[in-house]
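Read the structure below first, then the notes.
The values are calculated or read from the model by the stated rules, or taken from the named source; none is laboratory data. Worth saying up front: this structure is predicted, and the values here are computed from it rather than measured. Reconstructed Cβ throughout: ideal geometry from the backbone, glycine too, with neighbour counts over all protein chains shown. Side chains included, ligands, DNA and RNA excluded: accessible areas come from the protein's heavy atoms. Shrake-Rupley method; radii C 1.70, N 1.55, O 1.52, S 1.80 Å.
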Amino acid sequence: MATITINKDNFCHNLNQIALKTGSINKIAIVLKDNAYGHGLEIMAQLASEFGIRHAVVKNRDEANVIRELFRTVLILGGQAVPDETCTYAINTLDDIEKAQKGSRVELKVDTGMHRNGIAIDDLDRALERIVDRELVLFGLMTHFRSADEPGSEFFWQKKQFEHVKTKVKAAGFTGFRMHSHNSAAILRSKSFEEDLVRVGIGAYGYNELPESFDKAELKPVLSLYARKMATKRLKKGDRIGYGGDFGVPCDMQVSTYDLGYGDGWCRGDSSQPYLTAEGLPVLGRVSMDFVSIASQKEVLCIMNDAQSAAKQFGTISYEITTALSPLITRSVL
């Protein structure tokens, strides 16, 4: 089966770059949802903890239970809030408040313009009242930027909205809660940082999705994907490869199959615009469920060592490339 390697030095380098922006590693919350963006939940949690990161963000309670012993706090983005010494729960709707158990530590997410999840600003007073009535602990106040990775004024407009929200919550008598709004793009573009926490996802894994117009922080990809040779055939000019025979062999050549396919979460792509591996070798014909064909006899090929570069070939983003990779692929740390 294909394998994945995780570059510890690159991961630490990226976290250092983020720490330069926040002023302290204590303000970094590593986002580990969706199998740590495909990098491996347990592996990345352990590496983050060893680096000194004390806060994490996950998708659900199942993910939290895997890594909770490694962090001081773990923010769970969805699910019923229950009392917990380590975990806090994002509140996305008024109904979430009603379902939360007494004594739960919650982090109120306010919709400042993303219009995806979060309490509407018009419902903020009601939400705060119900948090008190339900005897919940307001541990955090948060929002999410919709355009932090794009030029224009929307980022600053949302920041202003969140400042208004902070003022209202404090005026309502709440104290001691942490505040966080910045994701990777927001912290990478910011010249100063005054909040309590930054939720770092894709940036920690080595990708800066900001346009060229922004100052670039040097980040290094953490994940590399390899495939192993399964078989080699000597093909003659005119032979056709794979489903539909999409690739016609231009001359006598040796072609090998490698153990990677869309069953492993690799993009099927378009055989008329073949993907070029990290070693510059084109995939020949259609990607199969478990195999790709490449004109090579190497025992192991590096298929990808930069998801951002791979994503450009497929017309997508680095997030989709890495999160799609099967959790069954063996991951190891270099």
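Three principal axis extents of the range 110-168 based on alpha-carbon atoms, in descending order, are 42, 21, 20 Å. Taking 7 Å steps out from each Cα toward its Cβ at residue 278 and residue 50 produces label points 1.9 nm apart. Placing +1 on the Cβ of every Lys and Arg and -1 on the Cβ of every Asp and Glu, with nothing else charged, gives the chain a dipole about its Cα centre of roughly 420 debye. If you bin all the Cα-Cα distances of the chain at 10 Å, starting from zero, the percentages per bin are 6, 24, 28, 21, 13, 7, 2, 0. Of the accessible area of the chain, computed with a 1.4 Å probe over protein heavy atoms only, carbon and sulfur atoms account for 47 percent. Expressed as a fraction of 2.2 N^0.38 Å, the value expected for a compact globular protein of N residues, the C-alpha radius of gyration of the range 267-334 is 1.11.
Count the DSSP beta bridges whose two residues both fall in the chain, then state the antiparallel fraction as a percent rounded to the nearest 5. Roughly 40 percent of the beta bridges in the chain run antiparallel, per DSSP. Let a ≥ b ≥ c be the square roots of the eigenvalues of the Cα gyration tensor of the range 72-159; is it rounded (a/c under 1.5), or, if not, prolate (a/b larger than b/c) or oblate? Taking the square roots of the gyration eigenvalues as a ≥ b ≥ c, the range 72-159 is prolate.
The distance linking the range 145-162 with the range 275-311 is 38 Å (Cα centroid to Cα centroid, whole angstrom). Computed from label points 7 Å out along Cα-Cβ, the spacing between residue 288 and residue 150 is 4.2 nm.
For residue 191, give me every one of the aspartates and glutamates with a C-alpha distance below 13 angstrom, ignoring sequence neighbours fewer than eight places off in its own chain. Qualifying aspartates and glutamates at Cα under 13 Å: 215.
Could you tell me the distance between the Cα centroids of the range 11-70 and the range 229-247, to the nearest Å? So the two Cα centres are separated by 43 Å.
Take the range 44-176 with all the other protein chains still there, run a 1.4 Å probe, and you get 48 Å² of accessible area per residue. For the range 1-95, the fraction of C-alpha pairs more than 17 angstrom apart is 51%.
Mean silhouette area of the range 181-334, derived from the convex hull of its C-alpha atoms and averaged over all directions, reads 11.0 nm².
The length gained on full extension between residue 328 and residue 125, counted as 0.36 nm times the residue separation minus their Cα-Cα distance, comes to 68.5 nm. Adding -39500 (n - 2.57) for every DSSP H run of four residues or longer, then dividing by how many residues the chain holds, sets the calculated 222 nm ellipticity at -8000 deg cm²/dmol. Under 5 Å between amide hydrogens, built in the peptide plane, is the criterion, and for residue 120 it picks out 111 among residues at least 5 positions away or on other chains. Bridgeable lysines around residue 229 (alpha carbons under 16 Å apart, same-chain partners fewer than 8 residues away excluded): 298.
Grab the beta carbon distance between residue 302 and residue 252, set R0 = 22 Å, and tell me the FRET efficiency rounded to 0.05. Between residue 302 and residue 252 the formula returns 0.25.
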